[in-house]
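Beneath this line is the structure, given in structure tokens, with notes to follow.
The values are calculated or read from the model by the stated rules, or taken from the named source; none is laboratory data. The structure displayed is predicted, hence computed values, not measured ones. Using ideal geometry, Cβ is built from the backbone for each residue, glycine included, and neighbour counts are taken over all protein chains shown. Protein only, heavy atoms only, side chains kept; ligands, DNA and RNA dropped before computing areas. Shrake-Rupley method; radii C 1.70, N 1.55, O 1.52, S 1.80 Å.
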Amino acid sequence: MILDMRRALPALCLAVVAMSGLAPVPAAAAATAPLEGLPRYDHVFVLVEENESIDKTYGATSPAVYLKSLVKTGVFADHYYGVQHNSLDNYIAMVSGQNPQALTQGDCLSLNLFTCAHLQVAGSTSADRNLADQLDDKGVTWKGYMDGNTLPCQHASYSPAATPDTWQGNGGTPAAAGVNYADRHNPFLYFPDIMDNEATRCVPHVRPFTQLATDLTFGTVPQFGFITPDTCHDGHDNPCSGSSVGGLQAADTWLSTHLPTLLTYLGSHNGLLLIITDEGNFPSDTTGCCTGNPLGAAGVGGGRVGLVGLGPGVKVGQTVPTPYDHASLLRTLESLFGISENLNNAGTAAAMVDLFGSSTPASGPTSPGGSSNASNSGGGQLPPTAAAAFTAVPALVALVLALFGLGTMLVLAKVGRDR
């Protein structure tokens with residue numbers, strides 16, 4: 001029996017790994033070189049806050065003490081703008097560069113999720129193509145981390161016959177999905193080529209925020225991550241449901257709880273974090289710029305909100321006054337991952353090249369005798385997914401050894417008794 005158990009150990013180990021929820025890490029091809037002189041990063045994350053203009057978020061009286069402290073350790077783009085009001089058109093612009101549409105400006109509150117998603121086909125010059133498609137085409141791993149969700153790809157009914165989408169947070173979303181989770185803050189739900197193939201396109205990639213802690217622990221962090229706090233934790237609701245503290249104070253508490261671990265990981269794994277806000281105060285701030293909304297120059301933009309960039313290679317401690325918006329963000333993400341296709345307004349937007357101090361980041365995995373600024377063809381740096389595999393090894397090896405050791409001890413004990 002004991003010998004049979006020893007034979008079963010490999011299968012047992014594989015079963016434990018499977019139950020842990022860790023996806024196998026595939027062998028990675030060499031990363032594509034970034035474009036437009038941007039640095040190479042192994043991980044790029046975007047985190048989106050809500051509904052505050054730059055003076056409220058970063059001003060002297062702002063309660064966002066932790067967030068303001070991050071400005072000193074990174075680069076600050078103080079003329080970064082949303083593209084319109086309200087939320088949804090900004091999130092769609094971040095990942096597709098599309099112009100705001102009348103119904104998305106109203107958060108599609110009168111429509112069901114299916115109908116709103118299909119608006120993007122008509123509103124785009126690139127069919128319904130989006131950043132997720134571009135990343136998949138390049139073989140770049142990605143995940144959206146949705147705060148409050150308990151299951152992958154949770155959302156209101158995606159059916160042409162469904163009632164209008166009521167999953168809008170502020171305590172009104174079904175508890176199983178997180179009462180403060182809002183569909184309109186999850187941009188990946190609004191593209192039919194993702195949602196019409198939900199099991200293969202959405203479920204593997206759009207995950208509960210709690211998945212991030214697991215990924216950080218086991219080294220399964222994707223190359224691109226998009227973090228959406230819920231409507232209490234992103235500063236949207238004030239007060240939050242249940243009359244708890246909300247606004248920037250709640251958002252700052254959430255950031256100070258969850259960001260240190262992520263920043264530590266990114267700092268040691270050649271990673272970049274961009275913290276943005278979807279839009280400014282409405283109706284007091286309708287300023288705009290750039291190409292993300294052609295109407296922005298006429299005074300109907302999404303407001304001046306600011307951007308903080310954290311990671312090796314950024315201009316630490318500097319403020320960059322160049323005007324940028326969500327189309328600039330998309331152009332930057334495309335170029336960071338070596339994607340020459342620029343979707344919709346990203347085609348005429350400028351990449352945010354002056355946030356970075358050099359063409360290569362200041363740190364990253366190195367080979368013996370190699371440079372931390374290795375080229376994108378390998379040159380001493382592990383490809384991102386290979387690096388993730390090596391990071392995951394210690395924990396898994398420890399588990400395997402522990403199980404194998406248990407089997408060995410039982411065998412030795414039996415031998416001793418037989419003597």
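Looking only at residues in region 158-198 that are touching a residue at least 40 places away in the same chain (Cβ under 8 Å) and among the β-branched types (V, I, T), the one that is nearest to G247 (Cα to Cα) is V179. For region 221-232, which positions are part of a loop (DSSP other than H, G, I, E, B) and either within 13 Å of the chain's Cα centre (by Cα) or farther than 19 Å from F188 by Cβ (or both)? The answer is V221, P222, Q223, P229, C232.
On the given criteria, is H236 closer than 30 Å to V179 by Cα, open to solvent by 40 Å² or more (accessible area, probe 1.4 Å) and part of a helix (DSSP H, G or I)? Spelling it out, it is not the case that H236 is closer than 30 Å to V179 by Cα, open to solvent by 40 Å² or more (accessible area, probe 1.4 Å) and part of a helix (DSSP H, G or I).
Residue count for region 42-72, restricted to those that are under 24 Å from N186 (Cβ atoms) and either part of a loop (DSSP other than H, G, I, E, B) or of a type in the set (G, A, S) (or both): 5.
Test of understanding: among T210, T231, T217, which residue is under 30 Å from A60 (Cα atoms) and of a type in the set (V, I, T)? None of the other options fit; the residue is T231.
For region 84-190, the helices (runs of 4 or more DSSP H) that sit wholly inside it and include 2 or more residues that are open to solvent by less than 50 Å² (accessible area, probe 1.4 Å) and in contact with a Lys or Arg (Cβ under 6 Å, 6 or more places away or on another chain) are 87-96. The requirement of being among the hydroxyl-bearing types (S, T, Y), modelled with pLDDT under 90 and part of a loop (DSSP other than H, G, I, E, B) is satisfied by T32. Being of a type in the set (S, T, N, Q), open to solvent by less than 50 Å² (accessible area, probe 1.4 Å) and either on the phi < 0 side of the Ramachandran plot or without any contact (Cβ under 8 Å) to a residue 40 or more places away in the chain (or both) is the filter here; which residues of region 50-66 pass it? Residues satisfying the conditions are S53, T57, S62. Is one or more of the residues making up region 183-194 hydrophobic (A, V, I, L, M, F, W, C) and farther than 26 Å from H85 by Cα? No: region 183-194 contains no residue that is hydrophobic (A, V, I, L, M, F, W, C) and farther than 26 Å from H85 by Cα. Of all residues in region 194-220, those satisfying the criterion of being open to solvent by 10 Å² or more (accessible area, probe 1.4 Å) and either assigned to a loop (DSSP other than H, G, I, E, B) or modelled with pLDDT under 95 (or both) are D196, N197, V203, P204, H205, F209, T220.
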